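Trainee: Quick one: the structure is below, questions incoming.
The values are calculated or read from the model by the stated rules, or taken from the named source; none is laboratory data. Quantities reported herein were computed from a predicted structural model and do not represent experimental measurements. FYI the Cβ positions are ideal-geometry reconstructions off the backbone, even for glycines, and counts take in every protein chain you see.
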């Protein structure tokens, strides 16, 4: 399993709350398949409060993908919704939860963001 | 794109565009086909009898989701002596179903070879629109005993068309065939089902929840009847207004779209068929137009746009935190990031308009719960206006795309490349600040202040927003006012120089309320004056400007939706006669299109052409053109929520006779409005 994925979930667990998910509740399991092996992450969301574990439990929504791709999504190098449309990531169960959780992934590390014309970066 | 003799039916974003025989033979210039989730699933669908093509006697568009074709063998001649009739009846509702009936009218039995040729190029909608089909993946065809599977694979991206028949058929890689024998007066029929699948690695379809209304024909029929029954009734003395309203209502039903992330609720898609997806700007403006009639659309639109609000910086998608999306797509080019629509955020008006719609929706519905539910998103939208949108640092909303490859250059509603110019016709550099967007920002702050004070319990934020709005208004009236011409400039360039052309955008400024009262009359004169007003409506760009062209997409044509907001703006500042003049012109034009207003029509003077000249575009009906008659009705009847009840202050032109709108829904329950034409427009023009 990639370090970035680990860091991403550890960070969520540490924060314990995500305002972007304040209206969201549900369980999302991420199954990372590599060869015959599958690693699991279970994200429980209760009105923005987050709990992370590595249990293989039943969930409202289950995402399946490769550890490498999820590492790239966790660092903003790949885009979750595009990966879903491509079929590189699959979803079972309530698709709404994926669309909501996708927003908490970081943007591209190379993104410049809006540039103010005369004074550089926008605050 | 051509659109000669094409028939369209649809359900959500599954639709069929075909010839008047029901056949599909896609070519780059004739973009026919069966489409779903922004992908073409059939590019060939040709029915033959004994090797002969069929000829159309007639066809019916029964409802937006079904059609029927009456055909005979042989090519068209001036005399047809057919011993056979072929009826094709088809419907879309999730999948595509076609029922074929063949009748033998001869006194002798016949032996027939019936064949349907089927193929698909699996083109992405963007490739179809741009006429480029250059597939990077592999197209395959698998013949099974009871079905034909046409497929396309690129990595894990798999799309399949599965064709099966109720009557056993012979399948081959290019279609299916039947050999039949018909006695005199005997008939034969079969039902062909065409499934469109987005296949995931586990064999699951990724579109769970994407479907819009039910999938069965009867469910679709009931859904449409309920939709009409739930909406207010409009009666008019001359019948024309009422029939235009009814046309609009049915088209709005067809335009409903249910996105993946909202579990079945619907919002208005932008246009049929090529824009059956969510667009921030188009969906919001359509909701504003239709609020008095179909308020449920606003609620779902606000929710879905909030759920997909930008949360980070993404230069490819022009995404910023707080920004409301521009367009979402599901096809191959979005999936492989050859186009940025997953979703794309490159518009600057959707974000302030999101706050405007939330406030307007509450004023009508009294739905305080939604205002509270969307507080965080509204605050993020208001923050975006002052931070990431202000690319020059002088308090205006500016745009300059960061995706310089596939992003949009002009991120306002006039989004064609040459829509923003100086009066000498040259184009300004970026970033650009168009005037109407500053008006929306002003309105968003004023309305945001009301929401903060009344519902979010934050009077300090309300005071701050009101202060900012007042400052913006003052600054705007100084920087954008063209002193010589006495109107507002279309835009500013980054040095502060005015794009000093006279344009329809000034009407949106009246709607937003950013116009100083003493200047409003001058704007009203321009809007119904000879340079902008043709007799049918207000041109996008005034006659006499360097880039003016009566059939220039954003440089001289008349856009019905644009006019509906202009009329609303005129009414807001008390120019009821001018508003009625525009409303009357546009509703007159609608009668030339059977009540279905096009996206745009030519800016020729009315007395010159006598009828409105349609601008050739591929989309009809288009959501904000469909919403136009509804907003014009609201404007003419002066419908306005006021302290918990509905105020009615009609100002109708004389020729319009009596109009009644019954059962207008809102926080008051349901009320009726009546009006009689009293304004003499002839007198006004003297």
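Trainee: Is it fair to say residue B:324 is buried (at least 22 other Cβ atoms within 10 Å of the Cβ), closer than 30 Å to residue A:86 by Cβ and at pLDDT 95 or above?
Mentor: Details: buried (at least 22 other Cβ atoms within 10 Å of the Cβ): yes; closer than 30 Å to residue A:86 by Cβ: yes; at pLDDT 95 or above: yes.
The answer is yes for residue B:324.
Trainee: Continuing with the same structure: Against the condition more than 25 Å from the chain's Cα centre (by Cα), outside any loop (DSSP other than H, G, I, E, B) and over 18 Å from residue B:527 (Cβ atoms), how does residue B:633 come out, does it pass?
Mentor: no
Trainee: I would also like to ask the following. Residues of region B:318-341 being within 8 Å of chain A (Cβ to nearest Cβ), in a loop (DSSP other than H, G, I, E, B) and under 27 Å from residue B:387 (Cβ atoms), which ones?
Mentor: If the condition is that a residue be within 8 Å of chain A (Cβ to nearest Cβ), in a loop (DSSP other than H, G, I, E, B) and under 27 Å from residue B:387 (Cβ atoms), then B:320, B:337 are the ones that fit.
Trainee: Which one of the conditions (1) at negative phi; (2) touching a strand residue (DSSP E or B) at 6+ places or on another chain (Cβ under 6 Å); (3) surrounded by fewer than 24 Cβ atoms within 10 Å (Cβ to Cβ); (4) at pLDDT 85 or above does residue B:50 fail to meet, given that it meets all the rest?
Mentor: Among (1) at negative phi; (2) touching a strand residue (DSSP E or B) at 6+ places or on another chain (Cβ under 6 Å); (3) surrounded by fewer than 24 Cβ atoms within 10 Å (Cβ to Cβ); (4) at pLDDT 85 or above, the lone unmet condition for residue B:50 is (1).
Trainee: Evaluate region B:516-531: report whether one residue or more is closer than 19 Å to residue B:395 by Cβ and touching a helix residue (DSSP H, G or I) at 6+ places or on another chain (Cβ under 8 Å). Can you show your working first?
Mentor: Within region B:516-531, the first condition is being closer than 19 Å to residue B:395 by Cβ, and the residues that meet it are B:516.
Next cut, touching a helix residue (DSSP H, G or I) at 6+ places or on another chain (Cβ under 8 Å) only: B:516.
Checked region B:516-531: at least one residue is closer than 19 Å to residue B:395 by Cβ and touching a helix residue (DSSP H, G or I) at 6+ places or on another chain (Cβ under 8 Å).
Trainee: Is it fair to say residue B:570 is crowded, with 24+ Cβ neighbours inside 10 Å and either touching a helix residue (DSSP H, G or I) at 6+ places or on another chain (Cβ under 8 Å) or more than 21 Å from residue B:599 (Cα to Cα) (or both)? Break it down stepwise before answering.
Mentor: On the way: crowded, with 24+ Cβ neighbours inside 10 Å: yes; either touching a helix residue (DSSP H, G or I) at 6+ places or on another chain (Cβ under 8 Å) or more than 21 Å from residue B:599 (Cα to Cα) (or both): yes.
Answer is yes for this residue.
Trainee: Considering each of B:140, B:152 in turn, give the residue that is in contact with a strand residue (DSSP E or B) (Cβ under 7 Å, 6 or more places away or on another chain), at pLDDT 90 or above and exposed (fewer than 14 other Cβ atoms within 10 Å of the Cβ). Lay out the reasoning, then the answer.
Mentor: Working: B:152 fails: exposed (fewer than 14 other Cβ atoms within 10 Å of the Cβ).
Exactly one of B:140, B:152 is in contact with a strand residue (DSSP E or B) (Cβ under 7 Å, 6 or more places away or on another chain), at pLDDT 90 or above and exposed (fewer than 14 other Cβ atoms within 10 Å of the Cβ), namely B:140.
Trainee: Let me ask something else. Kindly indicate whether any position in region B:416-434 is in contact (Cβ under 8 Å) with a residue 24 or more places away in the chain and touching a helix residue (DSSP H, G or I) at 6+ places or on another chain (Cβ under 6 Å).
Mentor: Applying the first criterion (in contact (Cβ under 8 Å) with a residue 24 or more places away in the chain) to region B:416-434 yields B:416, B:418-425, B:428-434.
Narrowing the set further to residues that are touching a helix residue (DSSP H, G or I) at 6+ places or on another chain (Cβ under 6 Å) leaves none.
Within region B:416-434 (the criterion being in contact (Cβ under 8 Å) with a residue 24 or more places away in the chain and touching a helix residue (DSSP H, G or I) at 6+ places or on another chain (Cβ under 6 Å)), the answer is no, since none of the residues qualifies.
Trainee: State all residues of region A:65-97 that are buried (at least 19 other Cβ atoms within 10 Å of the Cβ) and closer than 14 Å to residue A:41 by Cα; if no residue qualifies, say none.
Mentor: The answer is A:65, A:70, A:71, A:74.
Trainee: Can you name every residue in region B:153-180 that is in contact (Cβ under 8 Å) with a residue 60 or more places away in the chain, farther than 21 Å from residue B:88 by Cβ and out of contact with any helix residue (DSSP H, G or I) (no Cβ under 6 Å at 6 or more places or on another chain)? Break it down into steps so the answer makes sense when it comes.
Mentor: As a first pass, look at region B:153-180 and keep what is in contact (Cβ under 8 Å) with a residue 60 or more places away in the chain: B:154, B:157, B:159, B:161, B:175-180.
Adding the requirement that they be farther than 21 Å from residue B:88 by Cβ leaves B:154, B:157, B:159.
Once the filter is applied, which keeps residues that are in contact (Cβ under 8 Å) with a residue 60 or more places away in the chain, farther than 21 Å from residue B:88 by Cβ and out of contact with any helix residue (DSSP H, G or I) (no Cβ under 6 Å at 6 or more places or on another chain), region B:153-180 yields B:154, B:159.
Trainee: Residues being touching a helix residue (DSSP H, G or I) at 6+ places or on another chain (Cβ under 6 Å) and in a helix (DSSP H, G or I): count how many of those fall in region B:608-630. Before you say what the answer is, go through the steps one by one.
Mentor: Here is the first cut: in region B:608-630, the residues touching a helix residue (DSSP H, G or I) at 6+ places or on another chain (Cβ under 6 Å) are B:612, B:621, B:623-630.
Then keep just the ones that are in a helix (DSSP H, G or I); that gives B:623-626, B:628-630.
Selection size over region B:608-630: 7.
Trainee: With respect to residue A:42, determine if the residue is more than 8 Å from every other protein chain (Cβ to nearest Cβ) and either part of a loop (DSSP other than H, G, I, E, B) or at pLDDT below 95 (or both). Before the answer, list the steps.
Mentor: Working: more than 8 Å from every other protein chain (Cβ to nearest Cβ): yes; either part of a loop (DSSP other than H, G, I, E, B) or at pLDDT below 95 (or both): no.
Judged against the criteria, residue A:42 is not a match.
Trainee: Could you list, in sequence order, the residues of region A:93-121 that are at pLDDT 90 or above, facing chain B (nearest Cβ under 7 Å) and out of contact with any helix residue (DSSP H, G or I) (no Cβ under 9 Å at 6 or more places or on another chain)?
Mentor: A:107, A:108, A:111, A:112, A:113, A:114 - these are the residues of region A:93-121 that are at pLDDT 90 or above, facing chain B (nearest Cβ under 7 Å) and out of contact with any helix residue (DSSP H, G or I) (no Cβ under 9 Å at 6 or more places or on another chain).
Trainee: Looking at this structure, is residue B:303 within 14 Å of chain A (Cβ to nearest Cβ), surrounded by fewer than 24 Cβ atoms within 10 Å (Cβ to Cβ), in contact (Cβ under 8 Å) with a residue 60 or more places away in the chain and outside any loop (DSSP other than H, G, I, E, B)? Spell out the reasoning first.
Mentor: Working: within 14 Å of chain A (Cβ to nearest Cβ): yes; surrounded by fewer than 24 Cβ atoms within 10 Å (Cβ to Cβ): yes; in contact (Cβ under 8 Å) with a residue 60 or more places away in the chain: yes; outside any loop (DSSP other than H, G, I, E, B): yes.
Answer is yes for this residue.
Trainee: Considering only residues that are closer than 18 Å to residue A:3 by Cα and either within 13 Å of chain B (Cβ to nearest Cβ) or assigned to a loop (DSSP other than H, G, I, E, B) (or both), which ones fall in region A:45-63?
Mentor: Applying the first criterion (closer than 18 Å to residue A:3 by Cα) to region A:45-63 yields A:52-54.
Hit for region A:45-63 is A:54, nothing else.
Trainee: Just checking, which of B:656, B:636 is at pLDDT 95 or above and within 21 Å of residue B:561 (Cβ to Cβ)? I'd like the intermediate steps shown before the answer.
Mentor: Values: B:656 fails: at pLDDT 95 or above.
The conditions single out B:636.
Trainee: Tell me which residues, restricted to region B:499-517, are touching a residue at least 60 places away in the same chain (Cβ under 8 Å) and over 29 Å from the mean Cα position of the chain (by Cα).
Mentor: Matches in region B:499-517: B:500 only.
Trainee: Could I ask something else about it? Looking at region A:8-17, is at least one residue touching a strand residue (DSSP E or B) at 6+ places or on another chain (Cβ under 9 Å) and within 10 Å of chain B (Cβ to nearest Cβ)?
Mentor: No, there is no match, as no residue in region A:8-17 is touching a strand residue (DSSP E or B) at 6+ places or on another chain (Cβ under 9 Å) and within 10 Å of chain B (Cβ to nearest Cβ).
Trainee: Do we find that residue B:360 is modelled with pLDDT of 95 or more, part of a helix (DSSP H, G or I), within 15 Å of residue B:298 (Cα to Cα) and touching a helix residue (DSSP H, G or I) at 6+ places or on another chain (Cβ under 7 Å) in this structure?
Mentor: yes
Trainee: Output the residue which, of all residues in region B:639-650 that are at pLDDT 95 or above and assigned to a loop (DSSP other than H, G, I, E, B), is surrounded by the most Cβ atoms within 10 Å (Cβ to Cβ).
Mentor: Per the stated criteria, the residue is B:639.
Trainee: Keeping to region B:363-379, report how many residues are over 26 Å from the mean Cα position of the chain (by Cα) and part of a helix (DSSP H, G or I). Explain how you work it out, then say what you get.
Mentor: Of region B:363-379, the ones over 26 Å from the mean Cα position of the chain (by Cα) are B:366, B:368-369, B:372-373, B:375-376, B:379.
Retained after the next criterion (residues that are part of a helix (DSSP H, G or I)): B:368-369, B:372-373, B:375-376, B:379.
Matching residues across region B:363-379 total 7.
Trainee: Hey, among B:385, B:397, B:420, which residue is within 21 Å of residue B:506 (Cα to Cα), within 14 Å of chain A (Cβ to nearest Cβ) and part of a loop (DSSP other than H, G, I, E, B)?
Mentor: Exactly one of B:385, B:397, B:420 is within 21 Å of residue B:506 (Cα to Cα), within 14 Å of chain A (Cβ to nearest Cβ) and part of a loop (DSSP other than H, G, I, E, B), namely B:397.
Trainee: Further, regarding this structure: Being touching a helix residue (DSSP H, G or I) at 6+ places or on another chain (Cβ under 8 Å) and within 14 Å of chain B (Cβ to nearest Cβ) narrows it down to one of A:73, A:30, so name that one.
Mentor: Working: A:30 fails: within 14 Å of chain B (Cβ to nearest Cβ).
Among A:73, A:30, only A:73 is touching a helix residue (DSSP H, G or I) at 6+ places or on another chain (Cβ under 8 Å) and within 14 Å of chain B (Cβ to nearest Cβ).
Trainee: Please work out which residue is modelled with the lowest pLDDT, limiting yourself to region B:109-137 and to residues that are assigned to a loop (DSSP other than H, G, I, E, B) and surrounded by 15 or more Cβ atoms within 10 Å (Cβ to Cβ).
Mentor: We begin by selecting, within region B:109-137, every residue assigned to a loop (DSSP other than H, G, I, E, B); these are B:109, B:120-123, B:130-137.
Filter once more, keeping what is surrounded by 15 or more Cβ atoms within 10 Å (Cβ to Cβ): B:120-123, B:133, B:137.
Values: B:120: 96, B:121: 94, B:122: 95, B:123: 93, B:133: 67, B:137: 95.
So, considering only residues that are assigned to a loop (DSSP other than H, G, I, E, B) and surrounded by 15 or more Cβ atoms within 10 Å (Cβ to Cβ), the one modelled with the lowest pLDDT is B:133.
Trainee: Kindly evaluate residue A:69 against the criterion of being assigned to a helix (DSSP H, G or I) and at pLDDT below 95. Don't jump to the end; show me each part of the working.
Mentor: On the way: assigned to a helix (DSSP H, G or I): yes; at pLDDT below 95: no.
No; evaluated as a whole, the condition is false for this residue.
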